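Student: Following this message is one structure expressed as structure tokens.
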Amino acid sequence: MAFAMFSIEGLDHVALTVRDLSKSVARYRETLGLERRHAEVWGDYPVLLCAGGSGVALFSNPRAAGGSDGATTTIMRHFAFRITQLDFERARLVFQERGVPFRFQDHGISDSLYINDPDGYEVELTTCEIGGS
């Protein structure tokens, strides 16, 4: 087995094609607290929203519905952000307070909360600091 001659630090970003850019930006900023980066370079397109060193790049295509190329597809299983146990519990409370539908899953080695963005992409918040959820 060959090994890369470099190290991966963690998730940088996931690129998503969304139908309503404003609605998606609002969900990621208001529900998850992601911050906008690089607007001074890219302007309004794409929109890069980040937490720490990871982020999501949103590309607008109002016709996105499941096309056969990367520019129009909205198919993806999920992507995950790592968070601490304390922030995990805070996220659960924020989702409950704001009425954001979520599901919890105990993976044995980690706990996860799953929500969906406006286009149905599944967003996972995961922690390996299990505290008896």
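The values are calculated or read from the model by the stated rules, or taken from the named source; none is laboratory data. Computed from a prediction, not measured in an experiment: that's the story for all the values here. Cβ atoms come from the backbone with ideal geometry, glycine included; neighbour counts cover every protein chain shown.
Student: Assess whether THR72 counts as being surrounded by 13 or more Cβ atoms within 10 Å (Cβ to Cβ) and modelled with pLDDT under 90.
Tutor: Criteria met by THR72.
Student: Out of everything in segment 78-123 that is in a loop (DSSP other than H, G, I, E, B) and among the aromatic types (Phe, Trp, Tyr), what residue ends up being surrounded by the most Cβ atoms within 10 Å (Cβ to Cβ)?
Tutor: Top of the filtered list is TYR121.
Student: So ALA15 fits all but one of (1) part of a loop (DSSP other than H, G, I, E, B); (2) under 24 Å from THR126 (Cβ atoms); (3) modelled with pLDDT under 85; what number is the exception?
Tutor: The number of the failed condition is (1).
Student: List pairs: first residue in segment 19-44 and touching a residue at least 60 places away in the same chain (Cβ under 8 Å) and closer than 14 Å to ASP117 by Cβ, second residue part of a loop (DSSP other than H, G, I, E, B) and among the small types (Gly, Ala, Ser) anywhere in the structure, Cβ distance under 8 angstrom, at least six positions apart or on different chains.
Tutor: Going by the 8 Å Cβ cut-off, the qualifying pairs are ARG19/ALA64; ARG19/ALA65.
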